[in-house]
Amino acid sequence: MKTRKIVLIISLVLILIGSMLGYGIQTDYGNVDIKEVQFTGTFGNTIHGYLYIPKGVTKDKPAPAVINCHGYINTKEVQTGFSIEFARRGYIVLSIDMPGHGYSDAVPPGASGFDGFFSGTTEAFKYLSGLDIVDKSKIALEGHSMGGWNAAQAAQTFGEKINTVVLVDSASGTFGPALFDENSPFNHAVTFGDSDEMVLMFWEVPNAREINKSPKLKKSIGVTEDIEYGKIYGSFENKTARAVFQTPDTHAGAHMSREAIGAAVGFVQDAMPAGSVIPSTDQVWPMHEFAKLLNLIGIGLFIIFLGGVLLDTKYFGTLVQEGPQTLNIRGGKAIWAVLALITTAFPALIYFKYKGPTFLDASFLPGSALAPQGITTAIARWSVINGVMFLVLFLVWHFAFGKKEGGTLVTYGISTSSEKKEFSWNYIGKTALLAGIILGCTQLIAALVGHIFKIDFRFWVIGFKALDFAHIKMGLVYFWPFFFFFLIGALAAQTYLRTKKLEGKYAVVIPYLAAILVNGLGMFVLVLMQYVPAITTGIAGFPNFTLEAIVGFQFIVTLPFAGIIATYFSKKTSNIYLPAFINAGFITMYVVIGQAIHYFPK
């Protein structure tokens, strides 16, 4: 018990250190003020954002400004590296949650999916240009992926009122011809990764390393010959500067690319200098990313060890039971290996087919009042199919092996008692209450950290923050398919994937390593098959499933974490219910806050 309390305290210390460090870097240690702002979008929807205001900026000393727009199924926190580097150089930065993302409302009934894609930046420009602390002649737009589409649309709307546009791994006309050309009345640049798997959709060439040959990009820059990377075409003096920068990163890799951030910052600095002359190579955001990683590790430890501490209390201690012995099945290692291989491979094998259609197929956009997030609905469907498959594997294992060796509802952890066949609703209710307390405390910490320190729990695309009321409501719906998946997953861990009771110095960690391996290996291999070709050749392994592969990164982390939770709490309670409640609740919260709302009733 003492060790669990110590680790619980350590988890909170990690979160506090990460939050304070991140806040210090984000505010340039007091030289930048960050304010939460809200304003109304074109469709009456509320748009949420952070406004970074450098020290010394007033209405009498206005500063240049940058609008920072994230990509699809991201939030403003993903783009924090760009915001930090612009703000510490003296730029006012408005970083927003795009409509339907994060804490911003979706476009309302009657709008279309593409209104969600192409709104947000226009409204942000109206808001920002209305502030008396902003130099109206020096406003830049910077957007990644979908944020770049938004930036291009706003630039077309406001024309010469825009000073500079930087498209990061994006295009000025993704679903049609380039919107920019040699006559566009603003400076503009494109930074694009040499391993960007979405190149075909953006610039209509198959290889990311050959975008300089793209006719569409040439038209956007205003040249006929192959583009020279890094060369400035035109001049900043008359707002005709154009440039294309090739950076060593994938599509999502631009968020953590010193080269991509440096290219964007450097181009804006040349176009509209601000107060602080800091070289574009001088960057501090990596330490901020480390701070958010401390938060992420801390919240993971908090979930596990708060549960462990609460199980030591008198009230919840009644949930703790001594587990039955592992069944001694002949050929156990070989059978375990085969079933583990099937379990880890099956989700990856069906992922592209059942997680959702390709990004180029707009049919994923519609949602419903109950399930308004198209991609979350697809993930839930994929989870249910996997759950059914795992249940089939369990039944085959049971009738072929487990039943012969004395497998029962008790040994399988289906009974709420580890001594006799029993199903107690009182036990289930107390289990659900414990899970609710753990997850509620997790939400409370995330909310406090977000409100006080303006930071989330993140490493790259793996990000978690507190839910608002809208996401809590939809989470109550999405919880149930995830609960089915994790309930069956806990059953699998308790039966055909259960490791034998071991002795020796590695006995404690082997079950956890096995859980990590089984839960993560299949998706890890799938992601490797996508990105090894992209990184080595410039062409992704699955060029028609680009967005799906990016989402797949997250399962390499979340599913092994769920396996750790299942192993820890199954050992504590000797049944499948507590890990199912905790995993389903946390993964539901994680998924819904990071996805986009696509409910557009006519």
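Would you be able to say whether some residue in the stretch 537-546 is modelled with pLDDT under 95, among the β-branched types (Val, Ile, Thr), within 22 Å of the chain's Cα centre (by Cα) and under 30 Å from Gly71 (Cα atoms)?
Yes, because at least one residue in the stretch 537-546 is modelled with pLDDT under 95, among the β-branched types (Val, Ile, Thr), within 22 Å of the chain's Cα centre (by Cα) and under 30 Å from Gly71 (Cα atoms).
Looking at the stretch 115-140 only, could you name the residues that are in contact with a His (Cβ under 9 Å, 6 or more places away or on another chain) and outside any helix (DSSP H, G or I)?
Within the stretch 115-140, just Gly120 meets the criteria.
Could you list, in sequence order, the residues of the stretch 528-550 that are crowded, with 22+ Cβ neighbours inside 10 Å and among the β-branched types (Val, Ile, Thr)?
Answer for the stretch 528-550, where residues must be crowded, with 22+ Cβ neighbours inside 10 Å and among the β-branched types (Val, Ile, Thr): Thr546, Ile550.
Pairs under 6 Å by beta carbon, first residue not assigned by TED's automatic domain parsing to the domain that holds Gly552 in the stretch 64-81, partner buried (at least 24 other Cβ atoms within 10 Å of the Cβ) and of a type in the set (Lys, Arg), six or more apart or different chains?
That search, which allows pairs on different chains as well, returns His70/Lys76.
Those residues that are in a loop (DSSP other than H, G, I, E, B), more than 23 Å from the chain's Cα centre (by Cα) and either closer than 26 Å to Arg258 by Cβ or polar (S, T, N, Q) (or both), I need them from the stretch 146-179; list them, please.
Within the stretch 146-179, Asn163, Ser172 meet the criteria.
Go through the stretch 214-258 and count every residue that is over 22 Å from Leu547 (Cβ atoms), within 32 Å of the chain's Cα centre (by Cα) and either among the aromatic types (Phe, Trp, Tyr) or surrounded by fewer than 19 Cβ atoms within 10 Å (Cβ to Cβ) (or both).
So the count comes out to 4.
Look through Phe43, Phe86, Phe82 and report the one residue that is surrounded by fewer than 24 Cβ atoms within 10 Å (Cβ to Cβ), within 27 Å of Lys161 (Cα to Cα) and of a type outside the set (Asp, Glu).
Checking each option against the conditions leaves just Phe43.
Only one of Asn150, Asn163, Asn187 is in contact with a Cys (Cβ under 8 Å, 6 or more places away or on another chain), in contact (Cβ under 8 Å) with a residue 12 or more places away in the chain and not charged (D, E, K, R). Can you tell me which?
None of the other options fit; the residue is Asn150.
Counting only residues that are more than 23 Å from the chain's Cα centre (by Cα), of a type in the set (Asp, Glu) and closer than 26 Å to Gln283 by Cα, how many does the stretch 15-71 have?
2
Does any residue of the stretch 283-300 turn out to be within 27 Å of Ala562 (Cα to Cα) and of a type in the set (Val, Ile, Thr)?
Among the residues of the stretch 283-300, at least one is within 27 Å of Ala562 (Cα to Cα) and of a type in the set (Val, Ile, Thr), which makes the answer yes.
Return yes or no: is Ala446 in contact with an Asp or Glu (Cβ under 9 Å, 6 or more places away or on another chain), in a helix (DSSP H, G or I) and crowded, with 20+ Cβ neighbours inside 10 Å?
Yes, satisfied.
Going through the stretch 100-128 one residue at a time, which ones are touching a helix residue (DSSP H, G or I) at 6+ places or on another chain (Cβ under 7 Å) and at pLDDT 90 or above?
Gly102, Thr121, Thr122, Phe125
List the number of the failed condition for Gly429; all other conditions in (1) within 23 Å of Ala584 (Cα to Cα); (2) assigned to a helix (DSSP H, G or I); (3) touching a residue at least 12 places away in the same chain (Cβ under 8 Å) hold.
(3)
The values are calculated or read from the model by the stated rules, or taken from the named source; none is laboratory data. Remember, predicted model here, so these are calculated numbers, not experimental data. Virtual Cβ from ideal backbone geometry, glycine too; neighbours counted across all protein chains shown.
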